[in-house]
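Notes for the one structure printed next.
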Amino acid sequence: MNWIYEYPSDKAVHRPTQLTFSITYDPVTPDRKIKLADDKPENLQNVDIDNLIKELGQVIHGKFLQRRMETLLYNNFNGEFARAAHVLEQETKKKVSTRTLQAWIIPQDRPSSRRCPEWAVVALEEYADRNSDSLKCFKDQKNEFQKTRQGRLHENRKLMRDRELLKNAESYIARKQSITNKWKNIPVSDFPEQLAKLETSIVDQLDSQSQLLIELINGLREHDTYEEFKREYIEQIENSMALERQIKDTALDIQDRRKEFASDDGVYKEY
């Protein structure tokens, strides 16, 4: 991004030149007036400033469309991205998915961000105007459904799938890249130790998951009621986690000669 700007700020900074522009918005229409807030540098011509103003105008309009789309999705469609995507497909005959909608409203400096087209905003606005009563009715029904446990679980699944998928995907990409960079920078002489740590961590995780699965299967076999199973299973998990932590802490104490293992006679010396 060449611009430091957040809609509807009254100022924007052009990163390459560090020039500041002032913005005045029309209170009724999406129009705005842009002018250079600083003195014009001698090395820039009027046409250069005009081109920057035109470029900033496009940035502002893109942010305006993004903000309007976000408002439509969360206010008019109550966060129902799948329904909004279906409406757009029906209204425009264009292929639109929940990932498309996420890409339109995610911050523009993110890798998954995509330009929000004006036709999409117009189509959803027109649909919302024509169907305000049915959208309100659907919103009321959804709010009632969310008061139930099933409704909350359903909403959480949709949150991760329809609204947070791109953010989670970007985090996954960043995590993979971070791991790649870390291994690229490890000296060859340190590889045996680092690989041993990695394998130990993987084995620990597999052992922990296997134990949880065994306890789950045993609990299902041994208990007749859900409440009895839940109570004992949670207790088993807590006990297993506490024991695992004790084992690891003890291993570190032995390796580092701490606490009882700091002395030859195994007596824990207080400091």
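Tabulated values for the structure
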read-out: Meets criteria (under 30 Å from PHE77 (Cβ atoms), surrounded by 10 or more Cβ atoms within 10 Å (Cβ to Cβ), small (Gly, Ala, Ser) and not assigned by TED's automatic domain parsing to the domain that holds SER113) for SER201; value: no
read-out: Yes/no for GLU170 being under 29 Å from the mean Cα position of the chain (by Cα), assigned by TED's automatic domain parsing to the domain that holds SER112 and in a helix (DSSP H, G or I); value: no
read-out: Pairs with Cβ under 7 Å, 6+ apart, first in segment 135-156 and in contact (Cβ under 8 Å) with a residue 12 or more places away in the chain, second assigned to a helix (DSSP H, G or I) and of a type in the set (S, T, N, Q); value: LEU135/ASN76
read-out: Near pairs, Cβ below 7 angstrom, 6+ apart or cross-chain, from segment 242-253 (in the same structural domain as SER208 (by TED's automatic domain parsing) and part of a helix (DSSP H, G or I)) to any residue that is surrounded by 11 or more Cβ atoms within 10 Å (Cβ to Cβ) and at pLDDT 80 or above; value: GLU244/SER208
read-out: Subset of segment 30-48 (residues that are within 10 Å of LEU19 (Cα to Cα) and surrounded by 10 or more Cβ atoms within 10 Å (Cβ to Cβ)); value: LEU36, ALA37, ASP38, LYS40, PRO41
read-out: Checklist (1) buried (at least 17 other Cβ atoms within 10 Å of the Cβ); (2) at pLDDT below 95; (3) under 26 Å from the mean Cα position of the chain (by Cα) applied to ASP109, failing item; value: (1)
read-out: Within segment 11-44, considering residues that are of a type in the set (Val, Ile, Thr) and at pLDDT below 90, the one farthest from ILE60 (Cα to Cα); value: VAL28
read-out: Some residue of segment 73-80 being touching a residue at least 24 places away in the same chain (Cβ under 8 Å) and farther than 26 Å from VAL121 by Cα; value: no
read-out: Exclusive hit being under 30 Å from SER112 (Cβ atoms) and out of contact with any helix residue (DSSP H, G or I) (no Cβ under 7 Å at 6 or more places or on another chain), set ALA174, ALA251; value: ALA174
read-out: Number of the condition not met by THR200 [criteria: (1) polar (S, T, N, Q); (2) modelled with pLDDT of 80 or more; (3) farther than 30 Å from TRP183 by Cα]; value: (3)
read-out: ASN156 being in a helix (DSSP H, G or I), in the same structural domain as VAL59 (by TED's automatic domain parsing), under 30 Å from TRP3 (Cβ atoms) and under 26 Å from the mean Cα position of the chain (by Cα); value: no
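Yes or no, residue by residue, for (1) touching a Pro at 6+ places or on another chain (Cβ under 6 Å); (2) part of a strand (DSSP E or B); (3) assigned by TED's automatic domain parsing to the domain that holds TYR127; (4) of a type in the set (A, V, I, L, M, F, W, C):
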{"position": "TYR7", "(1), (2), (3), (4)": "no, no, yes, no"}
{"position": "THR17", "(1), (2), (3), (4)": "no, no, yes, no"}
{"position": "LYS33", "(1), (2), (3), (4)": "no, yes, yes, no"}
{"position": "ASP39", "(1), (2), (3), (4)": "no, no, yes, no"}
{"position": "LEU44", "(1), (2), (3), (4)": "no, no, yes, yes"}
{"position": "VAL47", "(1), (2), (3), (4)": "no, no, yes, yes"}
{"position": "LYS63", "(1), (2), (3), (4)": "no, no, yes, no"}
{"position": "LEU72", "(1), (2), (3), (4)": "no, no, yes, yes"}
{"position": "ALA85", "(1), (2), (3), (4)": "no, no, yes, yes"}
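The values are calculated or read from the model by the stated rules, or taken from the named source; none is laboratory data. What you see is a predicted model; the values in this text were computed from it and never measured. All Cβ positions, even for glycine, are placed from backbone atoms using ideal geometry, and neighbour counts span all protein chains on display.
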